Every structure is written in C-alpha cells, then in structure tokens.
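> Quick one: the structure is below, and I'll ask about it shortly.
The values are calculated or read from the model by the stated rules, or taken from the named source; none is laboratory data. Keep in mind that what you see is a predicted model, and the values were worked out from it rather than measured. Backbone-built Cβ (ideal geometry, glycine too); neighbour counts: all protein chains shown. Calculation scope for accessible area: heavy atoms of the full protein, side chains included, ligands and nucleic acids excluded. Shrake-Rupley method; radii C 1.70, N 1.55, O 1.52, S 1.80 Å.
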Amino acid sequence: MSISMLLSMAASASADRVALGRKADGITFSSLERDANAGATLLREDAAGSVAFIGQNSPLLPTLLFASAAAGLPLAPLNYRLPGEVLRGLLDRLDAPVVIADSRYVEIAQSTGHRVISAEEWLSAVRRTEPVPGPEADPGSAAVLLFTSGTTADPKCVVLRHSHLLSYVLGTVEFASAEEHDRALISVPPYHVAGIGSALTNVYAGRGMVYLPDFDPATWLELVRSERVTGAMVVPTMLARVVEHLDGAQADCPALASLAYGGARMPLPVLEQALRAFPETGFANAYGLTETSSTIAVLGPEDHRKAIESDDPALRARLGSAGQVVPGIETQIRAKDGSVLGPGATGELWVRGEQVSGEYRGTGSVLDADGWFPTRDLAYLDEDGYLFLGGRNDDTIIRGGENIAPAEVEDALLTHPAVAETAVVGVPDDEWGQRLVAVVVLREGARAEVAELRAHVRGLLRGSRTPDEVVFRDELPYTPTGKIIRRRLVAWLSAAAEN
Amino acid sequence: MSTEAVGLRAGLRLKSQVCATEVIVVRPGTRPLSLCCGGVQMLGREASGPAGVTPVAERMRGSLLGKRYTHPEDDAVEVLVTVSGEGTLSDGETDLVLKEAKPLPASD
C-alpha cells in the first residue's frame, strides 16, 4: 500500500467535491486523481530518479506529491529562499532529480545545473496527457525526502517512506470525516513536514484546501473570513503576528472551528492572547518532528478550554504541554545513562511507532536496537500521560551551577507590553560559566530600558533567572520553519563581547 | 466451503471473491483469523481465485469505504476497507463489527 491509496479512496468517496483552491474555480478530488495519474505517466516517461520541487504551497503540491508517488519516485520539496549554491548542494545529494519550479524560481533552479521544468509547463503537460496506469509504489520505498534545518550546519535529509506516512495518516485521521463545507487554509511551506502532512491528511479526510503562500496577518484573516475557512494550521510566529495585528480586537472568524499550531515552541502569552481573540475556535497544539512524519502528540481543544477556565494550577499548566501522544506512538523519558525514568522526571524523550522514520539519506537510521528514536528534546510526562517539553537538550543554560530553561525567561519578557519577540541565550562567562543574555525585538514604536526589562523579569521569576544583559535587535534569526537559531545569537554576542 | 484460520499481518491486502470489497489489515490482532467476505474466504489481493464463487446470501449486507472493522472478541484486530462492496466481513461465522471512530483534532 502506498500513499496513492489515500487519494484513490478519497476520489471514490468524494469525486465531485472541491479538493484544491477556491470554491469558484477549484479542482475536484477526481480531477486531482486524474492529474496525479497523468503526472505519474509523464514522470515515468521522463525517467528521472527523483522529483525536486522549488516552489510555494499551492494546488501544485498535492498534485506533484501524488504524481511522484504513483510513479514510484520520492518527492523532495526544497526551501525556495535558499541561495543557488545551497540549492545545488541539496540537489546534488538526490538521485537524478528533475526539478519542478514555480516560475519565479525557475532561474535560480536552472543556475544549479540540474534539469528544470516550470510548474506551468508541467501542469499544462499533465492536462494534455492521457493517464496510463502503472505499478503501485512499494510501501518500503521513499515517498518524501525532507531536509531538516536543525541545529547542525549541514542539513540532514530525512527519508519518509510510504509506510511511515500511511501509518501517520491512518492513525490520526478518520476517512472522509470532513463535510462538504469544510475548508483547510494551508500557509505552511511544502518543505516543512506539516506542508506535506496537510496534503495527505486533508485528502484522506475529504477536506478542500485553500492556500496562502505568502503569509501576512491581514491577508490571512481576510482569507479565513472570505473563504469561510473551518480549519487552519500555523507556526507560532504567524499566530504572534495575527494577534499583534488584531491588537486586542476579536478575530471575528465565525467559521473557524479549529486552529492548530506547531513547529516550534508557542510562547504562553501569545497563546493566551489568541485564545481570547478566537473565543469560538478550538485550539490544538501539535508536536512532532520531520523524522516522526509530523505529529506524534496533540493537546486538543478540550484540554485548552479546561486549562484556560481552570483555577487548578495543574490543569492550567497543561496549556504549556504538548498533550498526549497519538495512537501507535510509545514514549520513554531516558536519563543521560539511558535508564527509563518515571512520570514527573525530566530526561530525553525517545519515541517508537510505525510512523517514526528516524532515517537519513547517507547516514542511515538512528533508531536504537529496539526501534526507539531519540528526539533530542528534554521532556517529562505527568501522571496522566501529558507531555511537557523543556526545550532542546542543548538549549539549557547553566549559570553559576544552576540550570535555566530559556523558555521560562522568554515567556516572562513577553508579558512586557513593549516586547514583541525575544530569545534568551547563554554566553560564555569567566565568572558564571554562562551568563544570561536576552535579545529583544521591541514592538514598533515601543521603547523600553534595559533596567526596566530586567526588573520586569525579576518581579516574575527568581533573581538568578534575571537576564544579566539585554540587547536590542530589529529581528531574530529563525530557521525556515520558525525555530530560533540560538547558536547564531550566541556567536554574534560572543564576537561582539570580544570587540 | 472450507475456511482456514491464518495469522494476519499489518499491511496485508485482501480481496473478496464474491464482490468488489478490498481491505487492508491495519492491526492483525492476537490470533489467527479466517477473514471472509460474503461468507467466502478472502484472498490475497494479487491472488487469483476460481470463477463463479457463490456468496452466502445472509452475508451480503455490505462493507463501507474507509471504515475500520474489528473483531467482537479481539479489539486488537483492525481491518480498513479500501474498496467497498456488498459482502459482509467476518471471521468465519463471526461478523466483524464497525470500530468506533475516535477522531483527533486536525493537527496540520
């Protein structure tokens, strides 16, 4: 069984329902299936070894994803903002790739020396081609290749096989569960695992997708209202911008039944403001990694509601949790010596399940002998199986022998009205080992003094968690998937200290 | 008509001999089963069976596309219908039952 089966089932159940694009001119599920099969015919004739995609999320993405699957070729969506030399390096790591590129990226794609077909050209060829059936892809073959941005210099290429993706979709989605009027708004890029996951889960659910490739908060809100979007997924920085744009006003998106967020840590103050701005919307936190075929833990709407309405600090605290793991996923919290810890104890989170790949092109699998995958995230599980993430193992700052989690200090700073974004890092210090430096981006037009911000944090947390320094910047460095690049800040701060 | 209890494995694809029904085993359960459709043993999807097999009339109540079926005595069995048809899914004489859907919130 391959991911192609997801589309053939969807086309069977919802042939004439709009799958992609707006109500007025959308592509139906049966047309998507036809296009995918015609696309596969073209790809087989082309004799490429793999398919690379340089472009934004749009109706082309699911078409290309299912076409590649039907042709038995892996699809590698690449970050379209990368410079030519970097793209060339990534393409060189693939097997005989053919590159499909959005027209605005054709030139940079061609500069890599690889074979490029423009998206328009490919789609019009697809529409002119008669689909010829071919053999179904092997469940063990690679369906998607995703380069992680991660914390290491050279991106690793995660191999997601049909079996992993199927396990994820079948384990978390009920077939044809969407109603005719349901609409998902896709604003995450295709090179983010959620960009691929959403194409698969929405097709299997029979849910139509509309796209917003160039995110800006005003347009996002407008589209959610005009297309009567019923479900959307955003990364934390997008939600922060929507909340900032609303500036205390209600979002007024009556059709938006659910809003999922994930990809990076959601600062608590942002979430609390969002819950107030979207009072009728069900919020869901999704935690997952590229290596685990996306979501492995969900904190659902009920948990969000219970937490926000509760006086019980334990229930309230759940707002900061990643929720409970999805069916099919097992967890272990391991100490540094590898021993498995009980509830309440913090260690590294390891996970196991059929949707977990843990495999990289070139370096192979990092699963241990029993199939467990190390997430490199610090975490603990409470008595009821709620997962609390403590930031990456390497983010913890050790100042004067005390362990400090940047998240706690960052959340405290974010409650100050002048602070828009912040990252707290540890910089080498002769006296303390590491000192705490807060890098702050102020809201437009806002002002704040260093002393004021330090006093603000001291008022909320213990003295030792007060930043030793506060540095102001216009922006913070983020990975393409919205995680703060802490090592870059540390390097910049260390260099500045030396001068 | 003879039916044989066989240990299933996850990923196994089976088809009905008497209707269009096709299934995939999502979870095999804890013991061997005689997976039948329309009262007749199901075959591997790629296998070819004899022509003109007659279904058992009382076992043609239909299977639903995309639904999961489980065994009333073993909820570790999970079979997903990938092509719907007229036959009823059973383990020999024991009809499989619809597995209750416990949908998760959409996360991507």
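> State the answer as a single residue: which of A:L315, A:G140, A:V351 lies farthest towards the positive end of the charge dipole of chain A, with beta carbon charges of +1 for Lys and Arg and -1 for Asp and Glu, about the Cα centre.
Most positive-ward Cα: A:G140.
> Further question: Based on Cβ point charges of +1 for Lys and Arg and -1 for Asp and Glu, what charge dipole magnitude is obtained for chain A about its Cα centre, in debye rounded to the nearest 20?
With only Lys, Arg, Asp and Glu charged at Cβ, the dipole is about 400 debye.
> Nearest 5 percent is fine: what portion of the DSSP beta bridges confined to the range A:150-297 is antiparallel?
In the range A:150-297, approximately 15 percent of DSSP beta bridges are antiparallel ones.
> Right, next: Checking an interface number: how much accessible area is buried between B and A, summed over both chains, with a 1.4 Å probe, in Å² rounded to 100?
Interface between B and A: roughly 1800 Å².
> What is the magnitude of the charge dipole of the range A:79-224 about its Cα centre, with +1 placed on the Cβ of each Lys and Arg, -1 on the Cβ of each Asp and Glu, and no other charges, expressed in debye to the nearest 20?
Once rounded to the nearest 20, the dipole reads 320 debye.
> For A:E179, what accessible area in Å² do you get when you roll a 1.4 Å probe over the heavy atoms of the protein chains, rounding to the nearest 10?
Roughly 110 Å² of A:E179 is accessible to a 1.4 Å probe.
> Additional query: Count charges around A:H164 for me, please; just the other residues with Cβ under 15 Å from its Cβ, Lys/Arg as +1, Asp/Glu as -1.
Overall, the nearby charge balance is -2.
> Per residue, how much accessible area does the range B:34-108 have with a 1.4 Å probe, in Å²?
Counting only protein heavy atoms, the per-residue value for the range B:34-108 is 49 Å².
> What residues of the range A:165-188 lose no less than 10 Å² of accessible area with every protein chain in place versus their chain by itself (probe 1.4 Å, heavy atoms only)?
Those are A:Y168, A:L170, A:T172, A:E174, A:F175, which lose 10 Å² or more relative to the chain on its own.
> Here's something else I'd like to know. Averaged per residue, what accessible area in Å² does the range A:63-178 show with a 1.4 Å probe, protein chains only?
In whole numbers, the range A:63-178 has 41 Å² accessible per residue.
> Sticking with this structure for a sec: Based on the mean of other Cβ atoms within 10 Å per residue, sort peptides B:84-93, A:215-224 so the most packed one is first.
B:84-93, A:215-224
> In terms of modelled amide H atoms, which long-range or inter-chain residues lie less than 5 Å from the amide H of B:L33?
Under 5 Å from the amide H of B:L33: B:V6, B:G7, B:L8.
> Please express the Cα-Cα pair-distance distribution P(r) of the range A:1-105 as a list of whole percents, one per 10 Å bin, running from 0 to the bin with the greatest distance.
Distribution as computed: 15, 42, 31, 11, 1 percent.
> Please get the size of the charge dipole for the range A:183-338, origin at its Cα centre, with Cβ charges of +1 on Lys and Arg and -1 on Asp and Glu, quoted in debye to the nearest 20.
In debye, rounded to 20, the range A:183-338 gives about 260.
> Heavy atoms only, probe 1.4 Å: what % of the accessible area of chain B goes to carbon and sulfur, would you let me know?
51
> What accessible area per residue, rounded to a whole number of Å², is obtained for the range A:393-499 using a probe radius of 1.4 Å?
On a per-residue basis, the range A:393-499 sits at 52 Å².
> Between the range A:1-47 and the range B:1-79, how many Å separate their Cα centres?
The distance from the Cα centre of the range A:1-47 to that of the range B:1-79 comes to 28 Å.
> Rounded to a whole number, what % of the accessible area of chain A do carbon and sulfur atoms account for, probe 1.4 Å?
C and S atoms contribute 50 percent here.
> Using just the helices of the protein assembly as shown, give the 222 nm mean residue ellipticity in deg cm²/dmol: DSSP H runs with n ≥ 4 each add -39,500 (n - 2.57), and the total is spread over all residues, rounded to 500.
That comes out to -8000 deg cm²/dmol.
> Taking the simple approach of a point 7 Å from Cα along Cα-to-Cβ for both A:S111 and A:E330, what is their distance in nm?
Modelled inter-label distance: 4.9 nm.
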